[in-house]
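Nothing in this text is a laboratory measurement; each read-out follows from the coordinates by a stated rule. Please read these numbers as outputs of a predicted model, since none were measured by experiment. Here the Cβ is made from the backbone with ideal geometry for all residues, glycine too, and neighbour counts use every protein chain on show.
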Amino acid sequence: MRTENSSEVITKKKQQIIDATKVLFRDKDFDEITMSAIASATHVAKGTIFNYFKTKESIFLTILMEEYQRFIDLFAQKLEHETIKNKSTLKKLILETTASIWDDPNLYLFRLDASLAMLEQTSDVELVAKVKSHMYETTQKLDAYIHNYVENAENISIVSIMFTVNALLIGYSNLVSSQKMQNLLQKYELNDYQLNAKAETLASLDFFLNGYLKTSSK
């Protein structure tokens with residue numbers, strides 16, 4: 001029977017902490033979650049958590065970057081397996097990928113982005129540098145693919161598109177997740193003003209892409 005080495009044990013324990021924190025964040029805001037709560041959810045002593053993550057912010061930054069990387073990987077996978085030869089098919093792929101994110105149960109994690117600057121300041125410097133370096137390399141590969149295979153796409157930046165997608169996800173996610181807003185709509189019977197966040201996100205992104213993809217060819 002194979003025995004796990006120390007590196008595998010550390011990786012496994014870190015993932016357990018991350019998974020437990022994700023579950024907590026579905027019901028609580030960032031400020032409400034403590035290291036003690038994370039330790040309890042992971043079934044370990046509080047001091048054990050600090051052996052793997054120096055701060056609570058480091059845990060959340062890791063989670064957030066995991067989600068960003070998952071989005072990039074999803075886009076890259078679709079890009080490789082589909083025939084993307086022009087801006088029209090590229091736009092369709094971006095919209096489809098964004099739509100799939102709305103159907104993902106971990107969408108709520110994008111709300112953390114509003115605290116990204118604070119998370120970076122209070123997290124492990126090496127962790128921040130490592131994560132950003134990996135994401136930069138991945139986006140550079142995506143840019144290179146688009147520039148090589150999509151007609152008139154030399155000036156397109158996948159980072160610019162990702163920032164826009166992320167801003168829309170955060171904005172509309174926060175609108176629909178605001179209990180105060182939902183209570184007001186119900187109180188004054190303003191059901192006609194209920195927001196279809198997914199549809200609004202895609203409509204706004206479609207509007208942005210129409211202009212961005214057109215001007216990027218100049």
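The HN-Hα couplings worked out from phi for the stretch 15-32 by the Karplus form 6.51 cos²θ - 1.76 cosθ + 1.60 (θ = phi - 60°) are 5, 4, 5, 4, 5, 5, 5, 4, 5, 4, 6, 5, 10, 10, 7, 3, 5, 7 Hz, whole numbers, x standing for Gly and Pro.
Backbone geometry of the stretch 39-46 corresponds, through the Karplus equation with coefficients 6.51, -1.76 and 1.60 at θ = phi - 60°, to 3J(HN,Hα) couplings of 4, 5, 5, 8, 6, 9, 6, 4 Hz, x marking Gly and Pro.
Could you put 134, 43 in order, starting from the residue whose Cβ has the fewest other Cβ atoms within 10 Å?
Ascending Cβ contact count within 10 Å gives the list 43, 134.
Ranking 36, 10, 23 by Cα position along the charge dipole of the stretch 1-53, where only Lys, Arg, Asp and Glu carry charges on their C-beta atoms, puts 10 farthest toward the positive end. Using a cutoff of 8 angstrom between alpha carbon atoms and counting only pairs six or more residues apart, the relative contact order for the stretch 1-66 works out to 33 percent.
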